[in-house]
1. Please verify whether ASP373 is among the acidic types (Asp, Glu) and more than 25 Å from LEU157 (Cα to Cα), treating the condition exactly as stated.
2. Which residue is surrounded by the fewest Cβ atoms within 10 Å (Cβ to Cβ), if the candidates are limited to the stretch 60-88 and must be hydrophobic (A, V, I, L, M, F, W, C) and not in a strand (DSSP E or B)?
3. Tell me the residue from THR144, THR169 that is of a type in the set (S, T, N, Q) and either closer than 24 Å to GLY416 by Cβ or within 17 Å of the chain's Cα centre (by Cα) (or both), please.
4. Before we move on, is GLY394 modelled with pLDDT under 95 and either assigned to a helix (DSSP H, G or I) or surrounded by fewer than 22 Cβ atoms within 10 Å (Cβ to Cβ) (or both)?
5. Counting just the residues of the stretch 249-274 that are within 14 Å of GLY221 (Cβ to Cβ) and free of Cβ contacts under 8 Å to residues at least 24 places away in the same chain, which one comes out surrounded by the fewest Cβ atoms within 10 Å (Cβ to Cβ)?
6. Go through the stretch 397-435 and report how many residues are under 21 Å from the mean Cα position of the chain (by Cα), farther than 19 Å from LYS111 by Cβ and outside any strand (DSSP E or B).
7. What residue, of ASP367, ASP357, ASP373, is farther than 26 Å from PRO109 by Cβ, modelled with pLDDT of 95 or more and surrounded by 19 or more Cβ atoms within 10 Å (Cβ to Cβ)?
Amino acid sequence: MKNILIISFCLFTINSFGQTAHKSKGTLNSIQVYTTAKNTSLRLSAQKNLEFQKGVTIAENKVFIFVDDSHTFQTMLGIGGAVTDASAEVFARLTPPLQKELLNAYYDPVKGIGYTLARTNIQSCDFSSGSYSYVENGDSALKTFSVKHDEQYRIPLLKKIISKVGHLTLFASPWSPPAWMKTNDDMLHGGRLLPKYDQSWANFYVKFIRAYEAHGIPVWGLTVQNEPMAVQKWESCNYTAEEERDFIKNYLGPTLVRNGMVHKKLIAWDHNRDLIYHRAQVILNDPAAAKYVWGIGYHWYETWTGGPMQFDNVKKVHETFPTKNLIFTEGTAEVFNYDSLASWRLGETYGNSMIHDFNDGTVGWTDWNILLDEKGGPNHVGNFCFAPIHSIDGTKLFYTNSYYYIGQFSKFIRPGAKRINASGNRTALLTTAFKNKDGKIAVVVMNPGDNPVEYNLYYKGNSALVNSLPHSISTLVFKSF
């Protein structure tokens with residue numbers, strides 16, 4: 001415990017230094033470099049500025065990252081994390097100074113990493129202290145609908161966040177309908193929505209949106225169902241691809257339109273990459289359903305069955321349905337282990353996924369819980385997980401490596417940025433790049449290997465020599481010219 005608390009303090013101190021240095025300015029050809037690296041004190045830390053030089057020779061024995069902004073691709077929606085019951089409950093137990101620190105760490109673009117995107121749960125989920133519903137048993141007319149439960153922790157936190165950022169792109173996801181609406185009469189353990197409650201459940205989403213917006217919390221969008229193919233020991237509900245398609249086109253989509261919510265973004269699937277193409281194919285090949293769908297959401301937990309992250313499936317959806325959006329809606333590195341809080345693999349998992357996902361067309365990226373306690377909870381079924389920041393005994397905040405890896409993207413790639421080409425000639429480095437609305441280009445370069453890699457950052461006939469440290473991630477920022 002003592003060692004982890006010391007590391008936590010040191011990491012935040014370094015992070016603050018790096019963020020202050022972000023204000024420095026260079027020449028037109030100057031490149032600002034910010035780095036997070038293993039076995040160093042670098043955590044989103046500003047390095048010495050580099051300068052583009054003319055006249056580099058392209059050669060096979062040199063390592064290059066080529067940046068080309070002559071073509072642009074998807075527009076960045078935002079990067080952020082989930083505000084669950086668990087996160088809000090842990091936040092409420094923090095002292096006011098720690099609450100301020102956490103809000104700055106996530107939502108201040110200068111002092112922190114500038115989150116602008118958030119997800120929240122409709123009714124209870126595993127990261128709630130217990131199961132609950134917004135309506136009383138058997139109330140299919142939803143006359144008893146109330147979000148009073150959320151007024152204790154979650155709504156106050158969301159209002160603080162909105163006050164901090166001004167505008168938060170928030171989407172909501174249900175884990176389960178009320179038990180009495182389901183085939184198994186249980187919010188947990190899977191089950192299906194009973195057909196006789198299709199309309200009532202569609203009305204439920206509208207009720208939620210109106211209730212939250214009455215509290216001053218705008219809801220940008222919603223997913224149809226969290227993990228519709230999983231039978232979980234926590235809140236869950238199952239839909240085949242055809243069942244989700246039909247619920248969208250016959251009930252949820254028309255209900256949103258009838259209630260003046262055609263502008264709300266509807267996200268289908270909201271489950272792993274392994275079956276994403278099949279789900280997208282069934283739903284988006286049906287025009288009557290597709291017209292209501294803004295995009296396809298996905299998670300990364302296909303890795304928890306022993307396989308690799310299946311990035312190609314995301315790419316195939318983007319290539320097949322280019323007019324629909326892709327959004328990463330949930331991910332956490334692994335099952336919680338207190339001794340692994342400082343593990344470097346936590347951050348590298350995020351960096352690897354985010355680079356590939358953005359290169360495959362993803363417009364938004366949402367981490368799981370923004371804050372958990374020292375046990376990886378609270379969680380009413382013991383499904384404890386990691387978060388980028390953990391509260392240790394309510395007296396300290398511990399910043400895992402994932403916080404800094406996510407920040408290498410969210411701090412420098414802002415909403416409205418357009419992805420541009422960044423390609424390398426060696427597989428030792430992973431890279432993606434975006435051009436912000438102010439003309440600044442942010443190139444993220446990750447070195448997951450054990451050795452340093454010297455490379456040339458090449459842009460419009462100019463290059464700069466960069467040294468990528470082992471197990472590091474850097475963001476290189478420069479003004480387009």
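1. Answer is no for this residue.
2. VAL63
3. THR169
4. Taking the combined requirement at face value, the residue satisfies it.
5. Per the stated criteria, the residue is HIS263.
6. So the count comes out to 3.
7. ASP373
Residue by residue, here is whether (1) under 30 Å from VAL219 (Cα atoms); (2) outside the structural domain of LEU371 (by TED's automatic domain parsing); (3) of a type in the set (Val, Ile, Thr); (4) assigned to a loop (DSSP other than H, G, I, E, B) holds:
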{"site": "GLN32", "(1), (2), (3), (4)": "no, yes, no, no"}
{"site": "SER41", "(1), (2), (3), (4)": "no, yes, no, yes"}
{"site": "ILE58", "(1), (2), (3), (4)": "no, yes, yes, yes"}
{"site": "VAL90", "(1), (2), (3), (4)": "yes, no, yes, no"}
{"site": "LEU98", "(1), (2), (3), (4)": "yes, no, no, no"}
{"site": "VAL110", "(1), (2), (3), (4)": "yes, no, yes, yes"}
{"site": "ILE113", "(1), (2), (3), (4)": "yes, no, yes, yes"}
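The values are calculated or read from the model by the stated rules, or taken from the named source; none is laboratory data. In this text the structure is predicted, and so the values were computed from the model without any measurement. Neighbour counts are summed over all protein chains in view; Cβ atoms, including those assigned to glycine, are modelled from backbone coordinates with ideal geometry.
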